[in-house]
Amino acid sequence: MVTETTVLSLIRTKLHTPLVSPDLILRPRLVERLNQGLDRKLTLVSAPAGYGKTTLLAQWLEQCDRPVGWLSLDERDDNLVVFLSYLLAAIQTVFPNACPTTLGLLQAPQIPPLDYLAGTLVNEIADVPKAAMLVLDDFHTIHDKASHGLLKALIRDLPQQVNLVLASRTDPPLDLASLRAGGQMLDIRARDLCFTPDEVQA
């Protein structure tokens, strides 16, 4: 657990949804699948490198009318303070004044216990005024147990108006089985991302 604050210079391009090339093959069957997950807490797109996870999500978001906070993760974010700082920045791209208390806790001389931090974050996300999505791309780069614990607590108590989307090369260490069993999660896997014969022809 990080106990001291870190002065961060956030890289804003990590908060930009990728642009979609006009010559990409449209994948309406997968876009429809993703739309079915909008009323669930978590959508997980899990497949090895090269299966088009990021491209699919970018295509979907171009057609979706919900505001979205996007975060492209990498190995530099594998730390609770850095991870949460970027998470808050992604939320604030949609709701600029959101989560001021959580942000203040990150700037305190000592980071509070994880449960308190997660509870404050959940309560402030519950105050956002309309439905939105939060997309975390390349989540497999995050190995920090505190960051996993924070996200696990966030998903457990996530307000209904927010849908969390994870794209990862591996399944994250979250309660996926429980979320599936409770109808709170949508999976898209490598087998789903494989091109159909019609898509190959196109």
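Table for the structure above
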| quantity | calculated |
| --- | --- |
| Members of region 106-127 found to be assigned to a helix (DSSP H, G or I), within 17 Å of ALA146 (Cα to Cα) and polar (S, T, N, Q), listed by number | THR120 |
| Complete set of residues in region 128-148 that are part of a loop (DSSP other than H, G, I, E, B), at pLDDT 95 or above and open to solvent by 10 Å² or more (accessible area, probe 1.4 Å) | ASP138, HIS143, ASP144 |
| Enumeration of residues in region 112-124 that are in contact with a helix residue (DSSP H, G or I) (Cβ under 7 Å, 6 or more places away or on another chain) and either more than 13 Å from LYS152 (Cβ to Cβ) or open to solvent by less than 30 Å² (accessible area, probe 1.4 Å) (or both) | PRO112, LEU117, ALA118, THR120, LEU121, VAL122, GLU124 |
| Filtered residues of region 64-85 (kept if open to solvent by 10 Å² or more (accessible area, probe 1.4 Å) and either outside any helix (DSSP H, G or I) or β-branched (Val, Ile, Thr) (or both)) | CYS64, ASP65, ARG66, PRO67, VAL68, SER72, ASP74, ASP78, ASN79, VAL82 |
| Boolean, VAL94 is within 30 Å of LEU26 (Cβ to Cβ), crowded, with 18+ Cβ neighbours inside 10 Å, without any contact (Cβ under 8 Å) to a residue 40 or more places away in the chain and not acidic (Asp, Glu) | yes |
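The values are calculated or read from the model by the stated rules, or taken from the named source; none is laboratory data. Note that the structure is a prediction, hence the values are computed from the model and not measured. Ideal geometry is used to build each Cβ from the backbone, glycine not excepted, and the neighbour counts take in all protein chains shown. Heavy atoms of the whole protein, side chains included, go into the accessibility calculation; ligands, DNA and RNA do not. Shrake-Rupley method; radii C 1.70, N 1.55, O 1.52, S 1.80 Å.
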